[in-house]
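Below: one structure, written as structure tokens.
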Amino acid sequence: MIKKSMSSITPKIEIRAQTPEEEFVWLEQMLSELPWYKENGYTLGMPDNPTLQQPFSPQERESKLKEFLEHEYNPAFFAKGLEILESHRPLFEQTLPVFQRLNTAWGFKVFPIYQFTLTKYGPGGNYHPDEGRIVMLTRSDGSFKRVSQTHTPIHEMVHMGIEDNIVNHFWLSHWEKERIVDLMTQLLFADLLPDYMLQDKGDKRVDPFVTAETLQNLPASIEKYVGEFPRI
């Protein structure tokens, strides 16, 4: 039995740019994981400065941070992206009652605050389930990796909701969890995101286990899935 969490909170959405400190730590992490991103076919937003485009050692960190703060970080870069995300706030807020219903049904994790933070770097979207923070790549013209500005935030909100009691609990692979999140987003928000597209690389073996019916108790359905496809 997977323990359910409480759903009495009224979630809020915060939209902001990453702070200089957050942005540098995110850049540092992304650069350290470059082989993984390349292996999985991701293209990345990179710093304008060539000297900040390669992983650096702990000994170089202080000099790289100084260079980043002096020549790379510019809060004005995020202005258009913030404006666009803010314009979609009512749509994002419509997802929250859906998440709360899933929380009551089977423990989908709901956060008191969802932080949408913009970055100049990385693959497009990333999530931090320990703090309810979603990091999204934006460009100076306010565009995002996906054509629609609303798809990535909601996709990442779904990720955070299932990270503990489904993804980690059942030891799912990266492309298994991506497929589950894609299917959930498409099924739950067909009215809000009618043009939502599934990623080609998702593990399609999970498809029969993520349906409108199984979303009523998704952990039980994924338990059946891992029974058919055991973890090694």
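The values are calculated or read from the model by the stated rules, or taken from the named source; none is laboratory data. Because the structure is predicted, anything quoted here is derived from the model rather than measured. Ideal geometry is used to build each Cβ from the backbone, glycine not excepted, and the neighbour counts take in all protein chains shown.
Contact list please: Cβ distance under 7 Å, first residue in segment 170-182 and within 9 Å of Gly202 (Cβ to Cβ), second residue surrounded by fewer than 21 Cβ atoms within 10 Å (Cβ to Cβ) and of a type in the set (Gly, Ala, Ser), pairs at least six apart or on different chains. Once the first residue is within 9 Å of Gly202 (Cβ to Cβ) and sits in segment 170-182, its partners that are surrounded by fewer than 21 Cβ atoms within 10 Å (Cβ to Cβ) and of a type in the set (Gly, Ala, Ser) give Trp175/Gly202; Glu178/Gly202; Arg179/Gly202; Asp182/Gly202. One residue stands out among those in segment 1-47 that are polar (S, T, N, Q) and closer than 24 Å to Val98 by Cβ: the one that is modelled with the lowest pLDDT, which is Ser5. Exactly one residue among Gln59, Gln54 is part of a helix (DSSP H, G or I) and either over 25 Å from Glu131 (Cα atoms) or modelled with pLDDT under 95 (or both), and that residue is Gln59. Against the test of being at pLDDT 95 or above and either part of a loop (DSSP other than H, G, I, E, B) or in contact with a Leu (Cβ under 8 Å, 6 or more places away or on another chain) (or both), the options Ile134, Ile162, Ile232 yield a single qualifying residue, Ile162.
Restricted to segment 99-131, and to residues there that are surrounded by fewer than 18 Cβ atoms within 10 Å (Cβ to Cβ) and assigned to a helix (DSSP H, G or I), the residue that is nearest to the chain's Cα centre (by Cα) is Gln100.
Within segment 175-220, being more than 18 Å from the chain's Cα centre (by Cα), within 18 Å of Phe99 (Cα to Cα) and assigned to a helix (DSSP H, G or I) holds for Thr214, Leu215, Gln216, Asn217, Leu218, Pro219, Ala220.
Kindly establish whether Asn74 is crowded, with 17+ Cβ neighbours inside 10 Å and either at negative phi or basic (Lys, Arg) (or both). No: the conditions fail for Asn74.
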